[in-house]
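Worksheet for the structure shown next.
The values are calculated or read from the model by the stated rules, or taken from the named source; none is laboratory data. These numbers come from a predicted model, not from an experiment. Using ideal geometry, Cβ is built from the backbone for each residue, glycine included, and neighbour counts are taken over all protein chains shown. Keep in mind that these areas ignore ligands, DNA and RNA; they rest on the heavy atoms of the full protein, side chains included. Shrake-Rupley method; radii C 1.70, N 1.55, O 1.52, S 1.80 Å.
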Amino acid sequence: MDYHKAYKFHTEPQQSSNYAYLSQFIYGGIDGGVTTFAVIAGAVGAGFDVKVIIILGIANLIADGFSMSVGSYLSSKSEQEKHEKYKKMEHWGVDNIPESEREEIREIYRSKGLEGELLENVVQAITADKETWVNVMMKDEHNMVMDQETPRKKAIATFLSFLLIGFIPLASFLSGIDINQAFIMSCLLTSLSFTLIGFLKASINHTSIIKGIGETLLLGTTAAGLAYFAGSFLEKTIM
């Protein structure tokens, strides 16, 4: 058995970057759809003019979308820097105290149930290649795996998904139809977008599709309902 090849495969990230970006796109889209729909529902509940609704919706798209993408960038960058810091520490250990680091590998796989000759073969295979050795230490000792997504691309995916999905609740108000009809159309289009996002979210997480769609619809409906009644209440009590 080629232990070196087997454990090198085990320690390398198995998730494709396209799959990872799709995940980022979905969660950015959920936030964009929910927040924009909530802003619009609140404005409709308050009885605002359609121009005000459009202004509020677009302002939310740009400001919240940018804010979310910046948060994604900083978070991802911080995780990468943390990963690099620990990886440098492990490289130093392998170069300067190899016996101690080798014993840590032995303990890691002993705790997994390996023993005797099989354990020693695995330890020898892993420690024969420095990069594999360090990757095993990163994964099994620190529970850290290098993110294949770059912070910049993650931020772009988040921002674009926020704009794309977040624009859907707003689209009907730009058509020139009656504001009540526009709101009904917005509800329908947003429900469809939430259904699609819920389906995709459940698919990539390998969970129940019905549950995924239901959770997304419930989240969006609850947020919009609270915003609508808050806008209606404040319009009556303040204005």
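Quick one: of K87/K112; K82/K139; K51/K211; K87/K201; K87/K153, which pairs are farther than 25 Å apart, Cα to Cα?
K51/K211; K87/K201
Angle, helix 17-45 long axis vs. longest principal axis of the chain, Cα atoms, 0 to 90°, nearest 10?
Once rounded, the angle reads 20 degrees.
Assign unit charges at the C-beta atoms only (+1 for Lys and Arg, -1 for Asp and Glu), then state the dipole size of the chain relative to its Cα centre in Debye, rounded to the nearest 20.
Magnitude of the dipole: close to 840 debye.
Let a ≥ b ≥ c be the square roots of the eigenvalues of the Cα gyration tensor of segment 112-153; is it rounded (a/c under 1.5), or, if not, prolate (a/b larger than b/c) or oblate?
prolate
Would you work out if segment 24-89 is rounded, prolate or oblate? Take a ≥ b ≥ c from the square roots of the eigenvalues of the alpha-carbon gyration tensor; rounded if a/c is under 1.5, else prolate when a/b is larger than b/c, oblate otherwise.
Working: a/c = 5.22, a/b = 3.75, b/c = 1.39.
Because a/c hits 1.5 or more and a/b exceeds b/c, segment 24-89 counts as prolate.
To test your reading of the geometry: what angle, between 0 and 90 degrees and rounded to tens, separates the Cα axis of helix 98-110 from the longest principal axis of the chain?
On a 0 to 90 degree scale, this one is about 70.
Return the loop-located trypsin sites (Lys or Arg not before Pro) in segment 92-179 (DSSP other than H, G, I, E, B) with at most 11 other Cβ atoms within 10 Å of their own Cβ; answer none if there are none. Provide the component values of the computation, followed by the final result.
Details: sites: R102, R106, R110, K112, K130, K139, R152, K153, K154; in loops: K112.
Qualifying residues, ordered by number: K112.
Contact order normalised by length for the chain, with contacts defined as Cα pairs under 8 Å and 6 or more residues apart; what percent is it?
Numbers: 284 pairs, mean separation 97.4, N = 239.
The value is 41 percent.
Taking Cα centroids, how far is segment 168-182 from segment 100-144 in Å?
60 Å
Tell me, what % of the accessible area of the chain is carbon and sulfur with a 1.4 angstrom probe?
Carbon and sulfur atoms account for 63 percent of the accessible area of the chain.
With a/c under 1.5 counting as rounded, go ahead and sort segment 175-239 into rounded, prolate or oblate using the C-alpha gyration tensor (a ≥ b ≥ c being the square roots of the eigenvalues; past the cut-off, prolate if a/b is larger than b/c, else oblate). Please report the intermediate quantities before stating the final value.
Numbers: a/c = 4.79, a/b = 1.86, b/c = 2.58.
Cα axes put segment 175-239 in the oblate bin.
Run the helix sum for the chain: -39,500 (n - 2.57) per DSSP H stretch of 4+ residues, divided by residue count, reported at 222 nm to the nearest 500 deg cm²/dmol.
-28000 deg cm²/dmol
For the chain, with every protein chain kept in place, what is the accessible area per residue (1.4 Å probe, Å²)?
Here the per-residue accessible area is 56 Å².
Put +1 on the Cβ of every Lys and Arg and -1 on every Asp and Glu Cβ in the chain; which of Q24, V145, T36 then has its Cα farthest towards the positive end of the dipole?
T36
Using only Cα atoms, tell me the angle between helix 151-171 and the longest principal axis of the chain; keep it within 0 to 90° and round to the nearest 10.
For 151-171 against the chain, the angle is about 20 degrees.
With Rg and the Kirkwood Rh both taken from Cα atoms, where does Rg over Rh land for segment 107-239? List each step's numbers first, then the result.
On the way: Rg = 25.4 Å, Rh = 19.9 Å.
In segment 107-239, Rg relative to Rh is 1.28.
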